[in-house]
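Please find one structure pasted underneath; my questions will follow.
The values are calculated or read from the model by the stated rules, or taken from the named source; none is laboratory data. Predicted, not measured: the structure shown is a model, and the values here were computed from it. Neighbour counts are summed over all protein chains in view; Cβ atoms, including those assigned to glycine, are modelled from backbone coordinates with ideal geometry.
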Amino acid sequence: MTMAMGLVQVMAPKDMRGRLISLFTIVSFGLQPVAALWIGQIAQHLGVETAIQLNAVLLTCGAIAILLFRPAVAHSEYVQHVEDLPPIPDSPEDLEALRDAEPFVTLTESII
């Protein structure tokens, strides 16, 4: 859950980050009762072991689908490298020059 939330925060555009995090939270926690009901029905009809195996297969298929449709997740292309960061300003003049400089490419622009 923490890794997924971190990916949402890193991959989301700044102006959409709050909306996407709230949507992620609603979907994650809002669908848990529905999933529990579904898993319970499968366990009741097919057995607990079969229900667990079926969910493991579905989880694996979902992970493979994410890696196929979003290969950047597997290659960590969303991580900003230390070499790409601006230098730390030593004086107020350096800080002003840094503020006036061209902004860095955002994560979403680097993906496109």
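Do any residues in the stretch 31-42 that are within 18 Å of GLN53 (Cα to Cα) have Cβ atoms under 6 Å from those of residues that are of a type in the set (A, V, I, L, M), where the two are at least six apart or on different chains, and which pairs are they?
ILE39/ALA51; ILE42/ALA51
Would you be able to tell me the number of residues in the stretch 22-54 that are outside any helix (DSSP H, G or I) and within 23 Å of MET3 (Cα to Cα)? Lay out the reasoning, then the answer.
First, pick out the residues of the stretch 22-54 that are outside any helix (DSSP H, G or I): 31, 47.
Checking which are within 23 Å of MET3 (Cα to Cα) leaves us with 31.
Number satisfying all stated conditions: 1.
Something else now. Being modelled with pLDDT of 85 or more and loosely packed, with under 10 Cβ neighbours inside 10 Å, is that true of even one residue in the stretch 65-74?
The answer is yes, given that some residue of the stretch 65-74 is modelled with pLDDT of 85 or more and loosely packed, with under 10 Cβ neighbours inside 10 Å.
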